[in-house]
Amino acid sequence: MVPPSSSTNPDPDSSSPKLPGPNALALMLAALSMLGPFAVDTYLPAFPDIQASLNASPIEVQQTLTAYMLSFAVMILWHGALADAFGRRNIILGSLAVFAVATLGCAASHSVQYLWAFRILQGISAGAGVVIGRAIVRDVYSGASAARLLSLVTMIFSIAPAIAPILGGWIVKLADWRAIFLFLFFYTALLLWYCYKHLPETLPVAKRQPFNPHFLWHSYQLLFRSPLLQLIAGTIAFNFSGMFLYVAAAPVFITQHLKLGADQFGWQFVPTVAGVFFGALLVNRLAGKIAIPSQVMLGFAFLIGSACVNTLYHVFFPPALPWSVAPLFFYTFGMSIAAPGATLLMLDLFPHIRGIVASYQSFAVTMLAAVVSGVIAPALSHSVLWLAAGQLVCTLLGLMCWRGARNHRQQLTIKNGNAK
């Protein structure tokens, strides 16, 4: 067990639940973060069923994912600002209620256009748990304790992308695609009730920021004008996009290239998520023992190595199990090692607007993922070699961003030293 940071204490408002222990808090925050993977991965096996049921084209069904990702990315810029102004608990509870309504709308959609609309509403509300969860961790924990808690959240959260497409495949075989969204509705309703009972308010009223155009404009100017923040955000976003490229291409990768059925998405998602889990487990053990830059570079060793092996294999051999999915384990293993340290560095650049920084990081990740889903994955999914090469390019761009961030930080240190 790790003690809360003494510098930040939860709001003592008696109407808010007491702060749970780190394990219980990690479980709650991971459950909130799972909404995103469930909203994306669970319905991927149902694409053909949705297409037939709504008389839609394959690209129209693909755009239901793009609509979700774009709305998720745009709204995620506001979750942190809203949480900084009105409190973490209030925004999470409101977002869960909106997501539940949107999910019922998806289940009742009778045309692909209605499905687009309700997927947009889902995207608007789904990101609150991811963004505000990171801010909550940093509200009450610091240093190695925060890194351990973040890695614990990641370990629990990693279950979702593994079971979501498998669960979706089972549901669509036993019932139909609408039952997938009904499952999501009941999950959200249960989570809303649990958070109402147990989620504490961790941002005291005295530390809240005004929610007005002037303050928000000034805050986002600080972020957009910070090359260091942009480079760290790019590091996380490009590494994630290398993984998400395969998520977006999964319906083609699994059914056409690997010749598997709708209930066999586990071949891709189990190794992918196992890498996330074991990478987070290693970070949990390494927290406080090695410097963050060394930890990030260890992650990049796995990222670059796995992407190179994946590309070289498909230069010489056709897609085959398990060789076409094994590199995904090592890729996400490296991604999971690199991400927590980079995230903590980013959150600490502007501690007075930590919620807005968390929003910006999620915005960068999700916007790039939306581009990958809507443009890059459809363009590359015709060939597993092209998918592997695309993943390699993503992680090389991530490495360039990280090296740029390190160089920029060193220059700032030298400049500040000279000024003193």
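So with the 1.4 Å probe, I'd like the accessible area per residue for the range 172-248, rounded to whole Å².
49 Å²
Quote the accessible area belonging to residue 193 in square angstrom, nearest 10, computed with a 1.4 Å probe and with ligands, DNA and RNA left uncounted.
Around 140 Å² of this residue is reachable by solvent.
FRET efficiency for residue 350 and residue 117, Cβ-Cβ distance as r, R0 = 35 Å, nearest 0.05?
For residue 350 and residue 117, the calculated efficiency is 0.50.
Tell me the accessible surface of residue 226 in square angstrom (1.4 angstrom probe, heavy atoms of protein chains only), to the nearest ten.
In the full protein context, residue 226 sits at about 20 Å².
Just to be sure I understand the model, the point goes 7 Å from the Cα along the line to the Cβ. What's the resulting residue 108 to residue 214 distance in nm?
So the label points at residue 108 and residue 214 sit 4.4 nm apart.
Can you give me the % of accessible surface on the range 11-130 that is carbon or sulfur? Probe 1.4 Å, all protein chains present, nothing else counted.
After summing per-atom areas, the C and S share lands at 69 percent.
What does the extension gain come out to for residue 326 and residue 207, with contour length at 0.36 nm per residue minus their alpha carbon separation?
38.2 nm is the gain from fully extending residue 326 to residue 207.
Which of the peptides 168-178, 247-257 is most tightly packed, and how do the rest follow, going by the mean number of other Cβ atoms within 10 Å of each residue?
Put in order of decreasing packing, that is 247-257, 168-178.
Please calculate how many Å² of accessible area the range 31-74 carries per residue, with a 1.4 Å probe and no DNA, RNA or ligand atoms counted.
Counting only protein heavy atoms, the per-residue value for the range 31-74 is 29 Å².
Could you order peptides 371-380, 73-82 by the average number of other Cβ atoms within 10 Å of their residues, highest first?
Ranked from most to least packed, the peptides come out as 73-82, 371-380.
Taking only protein heavy atoms into account and a 1.4 Å probe, give the accessible area per residue of the range 269-420 in Å².
Here the residues of the range 269-420 average 43 Å² of exposed surface.
Quickly work out the residue 101-to-residue 197 label distance, labels modelled 7 Å from Cα along the C-beta direction, and quote it in nm with one decimal.
2.5 nm
Can you compute the FRET efficiency between residue 317 and residue 408 using 1/(1 + (r/R0)^6), with r the Cβ-Cβ distance and R0 = 41 Å? Round to the nearest 0.05.
Efficiency, from the Cβ-Cβ distance: 0.50.
How much length is gained on full extension from residue 174 to residue 259, taking 0.36 nm per residue of separation minus their Cα-Cα distance?
Roughly 28.5 nm would be gained on extension.
Need one word for the chain: rounded, prolate or oblate. Basis is the Cα gyration tensor (sqrt eigenvalues a ≥ b ≥ c); a/c below 1.5 gives rounded, then a/b vs b/c decides.
Because a/c hits 1.5 or more and a/b fails to exceed b/c, the chain counts as oblate.
Taking +1 at the Cβ of each Lys and Arg and -1 at the Cβ of each Asp and Glu, which of 56, 67, 24 sits farthest along the dipole of the chain towards its positive end, judged by Cα position relative to the Cα centre?
24
The values are calculated or read from the model by the stated rules, or taken from the named source; none is laboratory data. Note that the structure is a prediction, hence the values are computed from the model and not measured. Quick reminder, even Gly has a Cβ in these numbers, built from the backbone with ideal geometry, and neighbours come from all protein chains shown. Only protein heavy atoms, including side chains, enter the accessible area calculation; ligands, DNA and RNA are left aside. Shrake-Rupley method; radii C 1.70, N 1.55, O 1.52, S 1.80 Å.
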